[in-house]
Amino acid sequence: MTTGAPTPTYPARPRRSRLRTYLPLGIAVWLVLEIWLLTVVAGAASGFAVFLLLVAGFVLGSVVIKRAGRRAFRNLTETLQQQQSGVAPTSGGGNGNGLMMLGGLLLMIPGLISDALGLLLLIPPVQKALSRYAERTIDRKIREASPGSVGDAFQQARIHRPDGKVVQGEVIREENPAADPGPYPPLNR
């Protein structure tokens, strides 16, 4: 039965990104490879040797995370102290803490592939290369952001002076009800 009302048209569903499509498959493949590799190593050496490897990875990962966390906290404290004393904070002291923590986390996850990736992230040249790559990728994504997106908001929020320094300020509004001409201030002052 028709009523003469037009059929509602719903906007087309946006396409899923490749990451959202293949991420569950990638995680499943990674888990299967980890379990298979652990069984191969347990068959070649012994189950106790695999257990010791997993415990050693967990302990090493926790030590790495603790060290990186302390270093990040120390850098934060020094930066805050420099800002309070009026000295311009030096940048570059906190490089690599996030990747170091990620490496420690990968070491703590049971598995030999994650341990190898975690150890790889602890190597300083690898950290520098990954941080440069991530910085370039994020900058490119922000530059290519479409109007109205989150990246566009970040692009608009970065207001710099011509010399590249961020201008921090405070808006002080003088309220004088007697001189208030209406809801809008006069254009020429």
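The values are calculated or read from the model by the stated rules, or taken from the named source; none is laboratory data. Since we're looking at a predicted model, the values are computed, not measured. With ideal geometry, Cβ positions are generated from the backbone for all residues, glycine too; neighbour counts draw on all protein chains shown. These accessible areas exclude ligands, DNA and RNA; they are computed on the full protein's heavy atoms, side chains included. Shrake-Rupley method; radii C 1.70, N 1.55, O 1.52, S 1.80 Å.
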Label-point gap, in nm, between A49 and R16 - each point 7 angstrom along Cα→Cβ: 4.1 nm
Q83/I142 FRET efficiency (R0 22 Å; Cβ-Cβ; nearest 0.05): 0.30
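Over segment 36-115, give the accessible area per residue in Å² for a 1.4 Å probe, as an integer.
Values: 5080 Å² over 80 residues.
Per-residue accessible area for segment 36-115 comes out at 64 Å².
If I take every Cα pair under 8 Å that is 6 or more residues apart in segment 14-124, average their sequence separation and divide by the length, what percent do I get for the relative contact order? Intermediate values should be presented prior to the final figure.
Details: 90 pairs, mean separation 31.8, N = 111.
Rounded, it is 29 percent for segment 14-124.
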Cα-based shape type of segment 23-125, given that a ≥ b ≥ c are square roots of the gyration tensor eigenvalues and the cut on a/c is 1.5: prolate
Accessible surface of D139 - all protein chains present, 1.4 Å probe, nearest 10 Å²: 60 Å²
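Please work out whether segment 38-85 counts as rounded, prolate or oblate from its C-alpha gyration tensor, where a ≥ b ≥ c are the square roots of the eigenvalues and a/c under 1.5 means rounded, while otherwise a/b larger than b/c means prolate and anything else oblate? Working shown, then result.
Details: a/c = 10.19, a/b = 6.31, b/c = 1.61.
Prolate, because a/c is 1.5 or more and a/b exceeds b/c.
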